[in-house]
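Structure first, then comments.
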Amino acid sequence: MLVPIGRFTVTKDIVDRDSERVLPSGANLDSFKKNPIMFYNHMRWDGGIGTWDNVEVTDTEIAMDGY
């Protein structure tokens, strides 16, 4: 059974500290959705590998539920 850990905004349409911006509306997540793995260093508090679900892409952000 997957345990929900929360809803996360994974990127926003803002300029980051490296003066770069990701435009969420232009993201192609087809390959990611086939294997939506949450890598180890993104789940430090549990020491394991998680997964993403309920991916939502808007003009201003990409949000997902972590499990």
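The values are calculated or read from the model by the stated rules, or taken from the named source; none is laboratory data. Quick caveat: nothing in here was measured; it's all calculated off a predicted structure. Cβ: placed from backbone, ideal geometry, glycine included. Neighbour counts: every protein chain shown. Keep in mind that these areas ignore ligands, DNA and RNA; they rest on the heavy atoms of the full protein, side chains included. Shrake-Rupley method; radii C 1.70, N 1.55, O 1.52, S 1.80 Å.
Of all residues being under 13 Å from the mean Cα position of the chain (by Cα) and part of a loop (DSSP other than H, G, I, E, B) in segment 29-45, which is modelled with the highest pLDDT? Just the residue, please. Within segment 29-45, the match that is modelled with the highest pLDDT is LEU29.
Checking each residue in segment 16-30 for being open to solvent by 90 Å² or more (accessible area, probe 1.4 Å) and under 15 Å from VAL57 (Cβ atoms) picks out LEU23, ASN28, ASP30. Among the residues making up segment 1-15, a single one is within 16 Å of ASP59 (Cβ to Cβ), open to solvent by 90 Å² or more (accessible area, probe 1.4 Å) and in contact with an Asp or Glu (Cβ under 7 Å, 6 or more places away or on another chain): LYS12.
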